[in-house]
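These notes concern the structure reproduced below.
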Amino acid sequence: MSASSNHTLPQSDRSQERGQLRRMRYVSLLEGTTLVTLVFVAVPLKHLGGYPAATAILGPIHGAAFLFYVWMLSQTISAGDWATREIVRMIAAAFIPFGAFANERALKRKEDAMAVTV
Amino acid sequence: MDYLWLKAIHVAAAVTWIGGMLATGLVVTMVPASQHKRSAGELPMLEAIRRWDQRVTSPAMLIVWGLGITVAVKAGWFSSPWLMIKLMIVLLLSVLHAMLSGTLRRMAGDSGHASPALLRYAAPLTIAAVALIAILAVAKPF
C-alpha cells in the first residue's frame with residue numbers, strides 16, 4: 001500500500017492494517033524457514049546422506065506453509081491498495097531461498113510507515 | 001489416526017469452510033460499498049460475519065489443508081493427476097476465500113471499501129469449484 005493512501009485511512013483501520021502486516025511478517029518467516037530447511041537440510045540429507053524420509057516429511061510441511069503464505073498474502077492485498085510491483089515481489093521472493101526474509105523486512109517497513117500519524 | 005476418521009473430519013471441515021465462504025461471498029456482494037459511516041444495521045452484521053470467518057471458516061480451511069495433505073501422503077496419491085488438479089482448484093478457492101476475507105475486513109472498517117469486481121461471482125465460482133473437487137475426489141477419473 002502506498003504511504004499516501006495509508007494516511008487517508010482512519011486510525012482504527014490503520015491499526016487493523018498494521019496487525020495484518022505483522023501477522024503477514026510471521027507467516028513470511030515461517031514460509032522462508034521451511035523452504036531454507038527443505039533446500040539446505042532435507043534435500044542434502046536425501047541425496048548425500050541417504051535419508052529420503054527428510055524430504056518426505058519436510059516437503060508436505062513446506063507445502064502447507066507455502067499455501068498459508070499465499071492465502072495470507074491474498075488476504076492482505078485484498079484489503080489494501082498494493083502496487084503491482086509490490087505484489088510481484090512478494091510472490092517471486094517466496095520461491096527463492098532467503099527471499100522471504102527480504103519480504104519480512106519490506107513488510108516491517110510498511111508496518112512502520114502505517115504507524116506514522118498525520 | 002484411521003484413514004476413514006481422517007477423511008470424515010476432512011469432509012466435515014470442508015463443508016464448514018465452504019458454508020462460511022458462501023455466507024461471506026453473499027454478504028460482500030449484497031452490502032453496498034460505503035464512502036460514509038455504515039448504517040446501524042450493517043456494522044453489527046459485517047462484524048458478526050467477520051468474527052465467524054476468523055473463528056470458524058478460516059480454521060476450518062486450515063483443517064481441510066492439513067488433513068487433506070495427510071490423507072494424500074498416507075494413501076500415496078501425490079503422483080496422481082486428479083490430485084494435482086484438485087490441489088490447484090483448492091489453491092484458487094483458498095485465494096478466493098482470502099480475497100473475500102480481506103474485503104470483508106476493510107468493509108467492516110471505518111473507511112468503507114468497494115469490493116473487487118471478481119467477488120460479484122464469488123458464490124457461483126465457489127459452487128463450481130466444489131462440484132469439480134467432488135468429482136475429482138470421488139470418481140478419481142485419472
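Per the Kirkwood definition applied to all pairs of different Cα atoms, how many angstroms is the hydrodynamic radius of the protein assembly as shown?
Roughly 19.7 Å, rounded to one decimal.
Assuming a ≥ b ≥ c are the square roots of the Cα gyration tensor eigenvalues, decide whether the stretch A:8-117 counts as rounded (a/c under 1.5), prolate (otherwise, with a/b larger than b/c) or oblate.
prolate
Could you run the Karplus curve 6.51 cos²θ - 1.76 cosθ + 1.60 with θ = phi - 60° over the stretch A:22-35 and give me ³J(HN,Hα) per residue in whole Hz, x for Gly and Pro?
For the stretch A:22-35, the Karplus curve yields 5, 5, 4, 4, 4, 5, 4, 5, 4, 4, x, 5, 5, 5 Hz.
Cα-based Rg of chain B per 2.2 N^0.38 Å, rounded to two decimals?
1.17
Convex hull over the alpha-carbon atoms of the stretch B:58-142: what's its volume per residue in Å³?
Hull volume over Cα atoms, normalised by residue count, gives 90 Å³.
So, counting K/R as plus one and D/E as minus one, what does the shell of residues with Cβ under 11 Å around A:Gln75 add up to?
Value of the local net charge: +2.
Taking only Cα atoms and a 10 Å spring cutoff, compute GNM fluctuations for chain A and point out the largest among A:Gly80, A:Gly99, A:Gly59.
A:Gly80
Check every DSSP H run in chain B and write down those whose alpha carbon atoms cover 20 angstrom or more along the long axis and whose mean Kyte-Doolittle hydropathy is 1.6 or greater.
Span-like helices here: B:122-139.
So what is the relative contact order for the stretch B:42-142, in percent, with contacts set as C-alpha pairs under 8 Å and at least six apart?
After rounding, I find 39 percent.
Sequence gap at least 6, Cα distance under 8 Å: using those rules, report the relative contact order of the stretch A:11-118 to the nearest whole percent.
46 percent
For chain A, what is the calculated [θ] at 222 nm in deg cm²/dmol (nearest 500), taking -39500 (n - 2.57) for each run of four or more DSSP H residues and dividing by its residue count?
My calculation for chain A gives -24500 deg cm²/dmol from helical runs alone.
Hey, what number do you get for chain B at 222 nm if only DSSP H runs of n ≥ 4 count, each worth -39500 (n - 2.57), divided across all residues, to the nearest 500?
-25000 deg cm²/dmol
Values in this text are rule-based calculations from the coordinates and carry no lab data. Keep in mind that what you see is a predicted model, and the values were worked out from it rather than measured. We place every Cβ from the backbone using ideal geometry, glycine too, and count neighbours over all the protein chains shown.
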